[in-house]
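Input: a single structure, listed below in structure tokens.
The values are calculated or read from the model by the stated rules, or taken from the named source; none is laboratory data. From a predicted model like this one, the values you see are computed outputs, not experimental measurements. Virtual Cβ from ideal backbone geometry, glycine too; neighbours counted across all protein chains shown. Areas reflect the complete protein model, heavy atoms only, side chains present, ligands, DNA and RNA absent. Shrake-Rupley method; radii C 1.70, N 1.55, O 1.52, S 1.80 Å.
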Amino acid sequence: MASTMPNTAGTILRESRNLQGNTMQPVILKQVGKTYQLDSVAVPALIDINLEIRPDCFTVISGPSGSGKTTLLNVIGCIDKPDQGEVLVAGQATMTMKDDDLSDFRARHLGFIFQNFNLMPVLSSYENIEYPLLLTNMPAAERKKRVMMLLDAVGLADRASNRPGQLSGGQRQRVAIARALATSPKLVLADEPTANLDSFTGAAIIALMRRMQREHHVSFIFSSHDPQVQAEADDAIFIRDGRITHIERDINQKEAVA
């Protein structure tokens with residue numbers, strides 16, 4: 001990947017559009033800031049973030065603990081709202097959305113993969129993947145076809161009736177990946193998806209996510225310390241003390257960040 005050093009939000013937006021033509025960017029952040037109030041102390045988590053995520057890419061957000069990478073992922077995922085700036089996800093300005101509208105937006109456009117899997121323990125693999133589809137108007141027959149296709153794609157067609165407690169960590173994460181893709185989202189966000197897996201299983205999960213990203217033409221964004229994830233990324237965004245320090249692209253294109 002080529003290292004980049006962006007100067008301004010305008011530079012990022014112009015260069016990214018030149019690279020991608022008229023393709024809509026899945027995420028655009030302009031001068032985003034977020035501060036948490038701890039008693040009487042104001043703690044800045046994000047400072048003047050200008051960022052554009054390229055479509056159909058494997059993007060990793062990397063930085064030390066407390067750098068702001070999880071907050072950045074949460075802002076992109078419409079879980080946290082910033083205090084200032086502009087956030088566009090899948091072409092929609094999300095900062096002005098009400099909570100109910102945001103919930104509906106997340107359900108329709110975003111998929112999530114969590115470090116601790118976050119599967120419902122009383123539901124089978126099939127039922128965990130089906131659950132987000134129950135919140136849509138998808139007919140039952142189409143729902144079944146979609147779930148079985150995803151189970152087969154992640155190599156768990158023979159584990160459809162197993163509950164999470166009957167699966168290994170790697171198998172649970174495979175179910176979580178299938179669930180994240182169930183509604184055909186435009187964007188999948190993953191918070192340290194390999195952190196609770198051994199290196200061999202982690203490598204297999206990364207390969208699976210990369211294959212699913214390409215086959216489903218969806219943008220994946222990770223927060224991760226894992227060198228295996230960083231090595232596989234198309235774009236790597238490095239953050240420290242709430243600021244993007246630099247971006248590495250998988251193409252020979254220079255950008256600057258304020």
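Quick one: Gln228 ticks every box in (1) in a helix (DSSP H, G or I); (2) open to solvent by less than 60 Å² (accessible area, probe 1.4 Å) except a single one, so which number is it? Going through (1) in a helix (DSSP H, G or I); (2) open to solvent by less than 60 Å² (accessible area, probe 1.4 Å) one by one, Gln228 breaks only (2). Starting from region 214-235, take each residue that is more than 16 Å from Leu73 (Cα to Cα) and list its partners that are open to solvent by 80 Å² or more (accessible area, probe 1.4 Å) and part of a helix (DSSP H, G or I), counting only C-beta distances under 8 angstrom and pairs at least six apart or across chains. Taking only residues 6 or more apart or on different chains, the pairs are Gln228/Ser199.
Here Leu197 meets the list (1) at pLDDT 95 or above; (2) in a loop (DSSP other than H, G, I, E, B) almost entirely, failing just condition (1).
Answer with yes or no whether Arg146 is charged (D, E, K, R), at pLDDT 95 or above and either within 26 Å of Arg106 (Cβ to Cβ) or not in a helix (DSSP H, G or I) (or both).
Numbers: charged (D, E, K, R): yes; at pLDDT 95 or above: yes; either within 26 Å of Arg106 (Cβ to Cβ) or not in a helix (DSSP H, G or I) (or both): yes.
Criteria met by Arg146.
Residue count for region 174-194 under the criterion of being out of contact with any Ser or Thr (no Cβ under 8 Å at 6 or more places or on another chain) and either part of a loop (DSSP other than H, G, I, E, B) or free of Cβ contacts under 8 Å to residues at least 40 places away in the same chain (or both): the result is 5. The residues on offer are Leu46, Leu19, and the sole one that is modelled with pLDDT of 90 or more and either outside any strand (DSSP E or B) or open to solvent by less than 60 Å² (accessible area, probe 1.4 Å) (or both) is Leu46. Being within 27 Å of Thr70 (Cα to Cα) and open to solvent by 10 Å² or more (accessible area, probe 1.4 Å) holds for only one residue in Arg159, Arg174, and it is Arg174.
Here is a yes/no grid of residues against (1) open to solvent by less than 40 Å² (accessible area, probe 1.4 Å); (2) of a type in the set (Ser, Thr, Tyr); (3) touching a helix residue (DSSP H, G or I) at 6+ places or on another chain (Cβ under 6 Å); (4) assigned to a loop (DSSP other than H, G, I, E, B):
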{"position": "Pro55", "(1), (2), (3), (4)": "yes, no, no, yes"}
{"position": "Thr71", "(1), (2), (3), (4)": "yes, yes, no, no"}
{"position": "Cys78", "(1), (2), (3), (4)": "yes, no, yes, yes"}
{"position": "Pro82", "(1), (2), (3), (4)": "yes, no, yes, yes"}
{"position": "Glu86", "(1), (2), (3), (4)": "no, no, no, no"}
{"position": "Ser103", "(1), (2), (3), (4)": "no, yes, no, no"}
{"position": "Val122", "(1), (2), (3), (4)": "no, no, no, yes"}
{"position": "Gly165", "(1), (2), (3), (4)": "no, no, no, no"}
